[in-house]
1. So in the range 39-71, with the set limited to residues that are in contact (Cβ under 8 Å) with a residue 60 or more places away in the chain and assigned to a strand (DSSP E or B), which one is nearest to residue 25 (Cα to Cα)?
2. Residue 99 fails exactly one of the following numbered conditions: (1) in contact with a Ser or Thr (Cβ under 6 Å, 6 or more places away or on another chain); (2) closer than 14 Å to residue 54 by Cα; (3) at pLDDT 90 or above. What is the number of that condition?
3. So which of 34, 46, 65 ends up being among the small types (Gly, Ala, Ser), surrounded by 13 or more Cβ atoms within 10 Å (Cβ to Cβ) and farther than 17 Å from residue 103 by Cβ?
4. Out of the residues in the range 1-38 that are over 14 Å from the mean Cα position of the chain (by Cα) and not in a strand (DSSP E or B), which is modelled with the lowest pLDDT?
Amino acid sequence: RMIPITHFEGRLVADPEIKETTTNVVTRFRLACSDNRLTAGGAWESVRQFFITVKAWDHLAKPASELSKGEQVTVKGKLETRSWTDDQGNQRSGVELNAMDILTSIVDARTGVQAPAYSDVRAQEAPF
């Protein structure tokens, strides 16, 4: 089941994995997102942190597969709940983000350091 479009900003926890099916190509990666705040001492601290799996389909899959661990990105997409049975026969469920846009960061907000400029990765049509 899909819910409205949302945005997540975070860093990749590992290099993306690209897979081809008979009809589609998909790149999956995990994004670490945190809610940061400035302390009284002037340092940034992470208040909450969570992880979300991102799926980039078809023409978005190849550019997304070129991202790398630690890279900061903003992903716009639709959340989707998914249910499956694991190898031990247990019912599992989770939430994944089906990417519509992936934007690489040009300037790190905390350090002000300029990163290499990349073009926006835009999905024209998602298969969901």
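1. Just the residues of the range 39-71 that are in contact (Cβ under 8 Å) with a residue 60 or more places away in the chain, to begin with: 44, 56-60, 71.
Checking which are assigned to a strand (DSSP E or B) leaves us with 44, 56-57.
Details: 44: 38, 56: 8, 57: 6 Å.
Ranking the candidates gives 57 first.
2. (1)
3. On the way: 46 fails: surrounded by 13 or more Cβ atoms within 10 Å (Cβ to Cβ); 65 fails: farther than 17 Å from residue 103 by Cβ.
Only one candidate qualifies: 34.
4. 1
Table: residues versus (1) out of contact with any strand residue (DSSP E or B) (no Cβ under 7 Å at 6 or more places or on another chain); (2) β-branched (Val, Ile, Thr).
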site: 32; (1), (2): no, no
site: 38; (1), (2): no, no
site: 41; (1), (2): yes, no
site: 53; (1), (2): no, yes
site: 64; (1), (2): no, no
site: 67; (1), (2): no, no
site: 75; (1), (2): no, yes
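The values are calculated or read from the model by the stated rules, or taken from the named source; none is laboratory data. Since the model is a prediction, treat every value here as computed from it, not as a measurement. Methodologically, a virtual Cβ is constructed for each residue, glycine included, from the backbone with ideal geometry; neighbour enumeration extends over all protein chains shown.
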